[in-house]
Amino acid sequence: MLNLVLFGPPGAGKGTQSEKLIEKYGLVHLSTGDILRGEVSAQTELGKKAKALMDAGNLVPDEVVIGMINNKLESNPNAKGFIFDGFPRTSAQAEALDKLLAEKGTEINHMLALQVPDEELIKRLLLRGKDSGRADDANEEVIANRIKTYNEKTAPLITYYTNLGKYTAIEGVGTIDEIFDRLVAAIG
Ligand code: B4P
């Protein structure tokens, strides 16, 4: 199996590059952001609770996203591998993911971290906010909170994966194809 964590701050291009990686490697795409937005549009109980947190640029509780990932792993028993996009975002999520994969006799192979300066992230997200309908892309204060949350809660996972010998930094500025080529070279 090939299991990849695609990592990076909000707007780094995780969703964009995941689309290309799943096509090349035939992996199952698990985006916690997409799953949560699906729950919000279906107006489920979970979606109603998640909406306010997401709109403000805060993280949804660990137990909620870990449960979602567990369900998706269970419902794809024959997958060639998974691409985790936007997950894990906290140490508790990273530890839970390792445990879930170990129970299935597999593990994360690479954590690929897209590196993009804050000014570029803000520019990309505001641009998408013009027509995405996403409240969390629409104003600079919320974007600033998402970047702050990333720095406080998510960036420490770089140390977690470095200690496991799985971390690779990828330059995340350039054309989408240039960045994709860098990811493919790192996967090897
Ligand atoms: P996500 O959906 O994960 O959102 P993201 O960080 O904005 O996405 P991404 O980095 O994928 O950006 P994209 O490729 O689309 O999370 C949203 C919210 O959900 C979180 O704030 C949180 O509330 C909640 N959530 C999700 N996962 C969670 C978890 N595990 N735990 C707790 N809460 C969780 O790219 C952005 C824009 O840049 C696009 O418009 C794209 O076209 C553009 N772009 C991409 N590559 C480019 C390039 N090379 N050059 C120029 N523009 C580029």
(message) If I go through the stretch 145-159 residue by residue, how many of them are surrounded by 12 or more Cβ atoms within 10 Å (Cβ to Cβ) and more than 20 Å from P61 (Cα to Cα)?
(response) 1
(request) Out of the residues in the stretch 39-86 that are among the aliphatic types (A, V, I, L, M) and exposed (fewer than 13 other Cβ atoms within 10 Å of the Cβ), state the one that is farthest from the ligand (Cβ to nearest atom). (result) A42
(message) Can you tell me which residue is nearest to the ligand (Cβ to nearest atom) among those in the stretch 89-100 that are surrounded by fewer than 19 Cβ atoms within 10 Å (Cβ to Cβ) and of a type in the set (A, V, I, L, M, F, W, C)?
(response) A92
(message) Checking L112 against (1) in a helix (DSSP H, G or I); (2) under 28 Å from N3 (Cβ atoms); (3) hydrophobic (A, V, I, L, M, F, W, C), only one condition comes out false. Which one?
(response) (1)
(message) Of everything in the stretch 101-141, what is open to solvent by less than 20 Å² (accessible area, probe 1.4 Å) and either aliphatic (A, V, I, L, M) or under 30 Å from N163 (Cβ atoms) (or both)? Give them in sequence order.
(response) L101, I108, M111, L112, A113, L114, V116, L121, L125
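The values are calculated or read from the model by the stated rules, or taken from the named source; none is laboratory data. Because the structure is predicted, anything quoted here is derived from the model rather than measured. Please note: Cβ atoms are built from the backbone with ideal geometry, for glycine as well, and neighbour counts cover all protein chains shown. Accessible surface areas use protein heavy atoms only, side chains included; no ligands, DNA or RNA. Shrake-Rupley method; radii C 1.70, N 1.55, O 1.52, S 1.80 Å.
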